[in-house]
Amino acid sequence: MATVALNNSPITQVSQTPNPVQANLQPHLLTRLLLDLRGKRFSVDRETIMNLPESVLLCLFPNGLVLSRQSAALSDGGDNDDYEELYAVDFDPDCFSYVLTFFRNASDTFYGTPNSPGLLASQQQLVEGGSPSSDFGPAQSQNPLLTKQAIIVLREELEYFSIPPKDGQAVTNSTGIANDVLLELKRKCGEFLLHKRNIFTALQRNINKENNVAEQHLIDMLCMSGFDRDDEWGYRAMEPSRCCISSIALVLLKTGIVHHPPGPTGERQVTIDYNQMATAQKLLLFWRKPARKCWWDGIEVSLTEPGEPEKPVKLWARRVWTLELSLV
């Protein structure tokens, strides 16, 4: 068999120069996303989206977040290449505004604005010192709580189920459709739960009933790290066309970093409470790793108007908590 010269081989004859068409098919990274949340539009930059809590992103984009525009790779370089793709999102727009505002204010306070320095400038000396913290984790220069603003994110999804009184008025038909009396009962039950805004009341009730030490420790840890025992949900609202209430609370993590008042020279001294810092570092376990807890809560309520006979209603609620730590 004749030997084929190396320079005539079809392998060596393939051009090593990248195909311009293939190079142009690389996905184009979006700098901003245009979101439509139940009819209300938001234009949000990519960095803001990536700083949002993992649990919130999962609600916004249950099928995954796409930050590239594949269709832009097929563009012809014309004037229409700067258009924005609109993403329809089934999420409460007022809740989204609450989260965006809290994160923006927290970032401005920590990193500062063009007109005002933030807390990071004052505590930069702690990072540059770099002395190891022995019993309190890694060296200070490697501690993210010194260089990032930490936010505790607590969410609740509450599904409720109303068991009507045995008077035969609130019923369903043969196909399972609720009559007007039952629909009104469900609406009143939702309003009753909606106005119960205290964060820890239901969980504390479950602790008292079951003597759950782990749940009590959870409340104690959260109250040591930024919450108060009588705190209320930052945002709480009914989901449309569902017997469901969504709530969220955001607080700045207490890291133990203390900013003292300015001295005679105008400099602010910064110190660390290492016991508080050790507690804060435990919550780093929930950074980008949301933890969930689910339990059933049953109570009996009276939803009758003044002057009407008492008609107690059994109200069951399935509560799902999601706890997460965000570093901005």
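Bridging of residue 148 to lysines at a Cα separation below 26 Å is possible for 254, 282, 289, once same-chain residues fewer than 8 apart are set aside.
Pop the C-beta distance of residue 217 and residue 269 into the FRET formula with R0 = 41 Å and round what comes out to the nearest 0.05.
Values: r = 34 Å, r/R0 = 0.82.
Using R0 = 41 Å, I get an efficiency of 0.75.
Taking every protein chain into account, the accessible area of region 152-248 amounts to 54 square angstrom per residue (probe 1.4 Å).
Can you classify region 255-322 as rounded, prolate or oblate using the Cα gyration tensor, where a ≥ b ≥ c are the square roots of its eigenvalues, rounded means a/c under 1.5, and otherwise it's prolate if a/b beats b/c and oblate if not? Could you put the intermediate results ahead of the total?
On the way: a/c = 5.89, a/b = 2.27, b/c = 2.60.
Cα axes put region 255-322 in the oblate bin.
For region 195-328, which whole-number percentage of the solvent-accessible area (1.4 Å probe, protein heavy atoms only) is attributable to carbon and sulfur atoms? Present the calculation step by step, with values, prior to reporting the outcome.
On the way: 3900 of 7350 Å².
Heavy-atom surface of region 195-328 belonging to carbon and sulfur, 1.4 Å probe: 53 percent.
The values are calculated or read from the model by the stated rules, or taken from the named source; none is laboratory data. Every value quoted in this text rests on a predicted model; they were computed, and no experiment measured them. FYI the Cβ positions are ideal-geometry reconstructions off the backbone, even for glycines, and counts take in every protein chain you see. Calculation scope for accessible area: heavy atoms of the full protein, side chains included, ligands and nucleic acids excluded. Shrake-Rupley method; radii C 1.70, N 1.55, O 1.52, S 1.80 Å.
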